[in-house]
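The values are calculated or read from the model by the stated rules, or taken from the named source; none is laboratory data. Everything numeric in this text was worked out from a predicted model, so none of it was measured. Note that we place each Cβ from the backbone using ideal geometry, even for glycine, and neighbour counts take in every protein chain shown. We work out accessible area using only protein heavy atoms, side chains counted, and drop any ligands, DNA or RNA first. Shrake-Rupley method; radii C 1.70, N 1.55, O 1.52, S 1.80 Å.
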Amino acid sequence: MLDEKLEPIYADVLRRNPGEDEFHQAVREVLESLGAVIAKHPRYAEHALIERICEPERQIIFRVPWVTDNGEVQINRGFRVQFNSVLGPFKGGLRFHPSVMLGTVKFLGFEQVFKNALTGMPIGGGKGGSDFDPKGRSNGEIMRFCQSFMTELSRHLGEHTDVPAGDIGVGRRELGYMFGQYKRMSNRYESGVLTGKGLTWGGSRVRTEATGYGAVFFVERALATRKQGFAGKKVLVSGSGNVAIYTIEKIHQLGGRVIACSDSSGYVVDNDGIDLALLKDIKETKRGRISDYAAARRASATFVPAGRIWDVPADIAMPSATQNELNGQDARTLVKNGVIAVGEGANMPSTPEAVRVFQEAGIIFAPGKAANAGGVATSALEMQQNASRDSWTFEVTEQKLGVIMNSIHDRCAEVAEEYGSPGNYVLGANVAGFLRVADAMDALGVI
Ligand code: GLU
């Protein structure tokens, strides 16, 4: 429910951003939490503060021309939405996926503002990407696309201005091609302009693992409030990309058993627990499909094409693929099957109806902007190492990630309690993120 003071703000967002459904959804979810804030502190409803937070500082849309291996000229669209820089340089990933539109990038940028605020680190929020489809493209094609994309994007970046990283379709390989092109164009070795870099060229240890590990740390801490843990639990992890792989790794380290994961073609169930070395080889090295996993593990695994992974009975669910991948019906199935916790590794994977089902059932629900903040937090640690020309060990960096995730969890829990809804991490995350951004906006004048 929206507070009546916030209704006209939301109506204005709908009017001014037509057709951008995912952006509307992300804004509405935050506004639904802000009723409690303006009831307690009416000043946050003044000076069009909330309206300003819903409007990106700058939106860049550009042409990305490139040439295939066969010599055909292709055209894609590039985006960078620089949403809010009140806490630091714009920070957020780049997504390469055919579904990417301006509204997708705006929703991700909006989420990123609050997520980054929750980390407590000096980073603003932004997001970018392209409707380029990397599937089936050769290394040479990927490189030429990344170089063309960066040729335009470079003029908008800088370690003190805007610092991209990866997201769906953008990993170390793509960041390497982009960093190489930025370096040529700027004639500077400006390590801090991108994060998620390789270890030999300015990257941080644990950045690859950070989003998945962080999501597991958050859920482990939430489970501890109910005297539970991952040990002995059966877990579903949707997706099989970077977030899913390192979510599975950490769950196995903590004694849980991940019995299913997925990709866009379907899901696999492996009752012996997902064989992570095999999954990494198929997904990270061979860039193959999840069906290849089932084919290689005939004794224990089955492939279910085009099914719903959420139909598999389990104790914990970690949606780690993409937005709106878990709907109201899926949520009811999970609850009926006795799920005790849901932790979002992806950005906004649960539909609003699914979130309502989880909350009404009283299970632990950890929203993406809190639970998956470990990725961007470790990006900020990478920026720290770049700025001080230092490089930390795996143990030191992972320990810092653990401290950050615990403090995000505790801050969300504390704010949820303060605003009258103990255990409501959605409210806690939205309000805690908002307060940090809003207080800084207010201090800096009408910006
Ligand atoms: N794309 C990631 C996210 O959704 C990481 C962003 C970053 O490291 O800047 O938070």
*Under 6 Å between Cβ atoms, at least 6 apart or on separate chains: pull out the pairs that start in segment 294-322 with a residue that is within 22 Å of K336 (Cβ to Cβ) and at pLDDT 95 or above and end on any residue that is in a strand (DSSP E or B) and among the charged types (D, E, K, R).*
A314/K234; D315/K234
*asked:* What's the number of the only condition in (1) without any contact (Cβ under 8 Å) to a residue 60 or more places away in the chain; (2) away from the ligand (no atom under 11 Å from the Cβ) that G125 fails to meet?
replied: (2)
*Name the helices (runs of 4 or more DSSP H) wholly inside segment 311-379 in which the number of residues that are open to solvent by 10 Å² or more (accessible area, probe 1.4 Å) is 2 or more.*
328-336, 352-361
*Going by the conditions given, is A294 out of contact with any helix residue (DSSP H, G or I) (no Cβ under 8 Å at 6 or more places or on another chain) and open to solvent by less than 50 Å² (accessible area, probe 1.4 Å)?*
yes
_Among (1) of a type in the set (A, V, I, L, M); (2) part of a helix (DSSP H, G or I); (3) surrounded by 12 or more Cβ atoms within 10 Å (Cβ to Cβ), there is one condition L2 misses while meeting the rest; what is its number?_
(2)
_Considering only segment 90-102, I want to know if a residue exists there that is at pLDDT 95 or above, over 16 Å from Y177 (Cβ atoms), surrounded by fewer than 24 Cβ atoms within 10 Å (Cβ to Cβ) and within 16 Å of the ligand (Cβ to nearest atom)._
yes
*If you check every pair at least six apart or on different chains, which have Cβ atoms under 8 Å apart with a residue in segment 164-187 that is at pLDDT 95 or above and open to solvent by 20 Å² or more (accessible area, probe 1.4 Å) first and a residue that is of a type in the set (A, V, I, L, M, F, W, C) and assigned to a strand (DSSP E or B) second?*
G166/L94; D167/L94; I168/F96; G169/F96
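Residues in segment 387-394: is at least one within 16 Å of the ligand (Cβ to nearest atom), open to solvent by 10 Å² or more (accessible area, probe 1.4 Å), within 20 Å of M121 (Cβ to Cβ) and among the small types (G, A, S)?
Scanning segment 387-394, I find at least one residue that is within 16 Å of the ligand (Cβ to nearest atom), open to solvent by 10 Å² or more (accessible area, probe 1.4 Å), within 20 Å of M121 (Cβ to Cβ) and among the small types (G, A, S), so the answer is yes.
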*Quick one: would you say V86 is open to solvent by 10 Å² or more (accessible area, probe 1.4 Å), within 24 Å of P164 (Cα to Cα) and hydrophobic (A, V, I, L, M, F, W, C)?*
yes
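Counting only residues that are assigned to a helix (DSSP H, G or I), open to solvent by 10 Å² or more (accessible area, probe 1.4 Å) and among the small types (G, A, S), how many does segment 190-202 have?
1
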*asked:* Would you confirm whether or not segment 129-140 contains a residue that is within 14 Å of the ligand (Cβ to nearest atom), within 25 Å of V426 (Cα to Cα) and either of a type in the set (G, A, S) or touching a Ser or Thr at 6+ places or on another chain (Cβ under 9 Å) (or both)?
replied: no
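Could you please find all residues in segment 41-75 being in a loop (DSSP other than H, G, I, E, B) and surrounded by 13 or more Cβ atoms within 10 Å (Cβ to Cβ)?
Residues satisfying the conditions are H47, C54, E55, P56, E57, T68.
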*Looking only at segment 278-286, decide whether some residue is more than 12 Å from I245 (Cβ to Cβ) and either charged (D, E, K, R) or at pLDDT 95 or above (or both).*
yes
_Condition check: more than 11 Å from the ligand (Cβ to nearest atom), in contact (Cβ under 8 Å) with a residue 40 or more places away in the chain and of a type outside the set (V, I, T). Does N116 satisfy that?_
no
